[in-house]
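Written out below as C-alpha cells is the structure these notes cover.
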Amino acid sequence: MATLMPSASAFNGPLETGVRAVFVLHAHFPRAVDLNRLTAMDYLVVRTSVLDGPADLHPPTPIMSPVTQVRRKSVQSAVALMMSRGAYRTGCRS
C-alpha cells in the first residue's frame, strides 16, 4: 500500500500549479504562451490583489520570494507533470 508523504507546503504543489497552468493555457488556446508569461499569469491568478482584484487565492507569506526565480521552475515542473498525464498537449513554449 502506498503511503502519503507530508508536503513541505500546503500551497503551490505541482498538481495545484499544473491545474492552474492547464486553465491558463486553455483560456489562451489556440495561441501559444511562453514559460515566462505562464509564470507571470500563475502569479497573478494566486495574487489577484496585486491588480486590485478580489482577495488572494493563498494567504500572505512572511517571505515573498522573487517570482521569476522561484515560480518559473515550479511552473515548468507542473507543466511537465500535466504533460506526463496527458492533460496538456500543445501551447506552451520553454
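Readers should treat all values here as calculations from the given coordinates under stated rules, not as data from a laboratory. Fair warning: this is a prediction, and the values are worked out from it, not measured in the lab. When we count neighbours, we look across all protein chains shown, and the Cβ atoms used for this are built from the backbone with ideal geometry, even at glycine.
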With label points set 7 Å from each Cα along the Cα-to-Cβ direction at ALA80 and THR48, the distance between them in nm comes to 3.1
Between VAL33 and residues 5 or more places away or on another chain, the pairs with built amide H atoms under 5 Å apart involve CYS92, ARG93
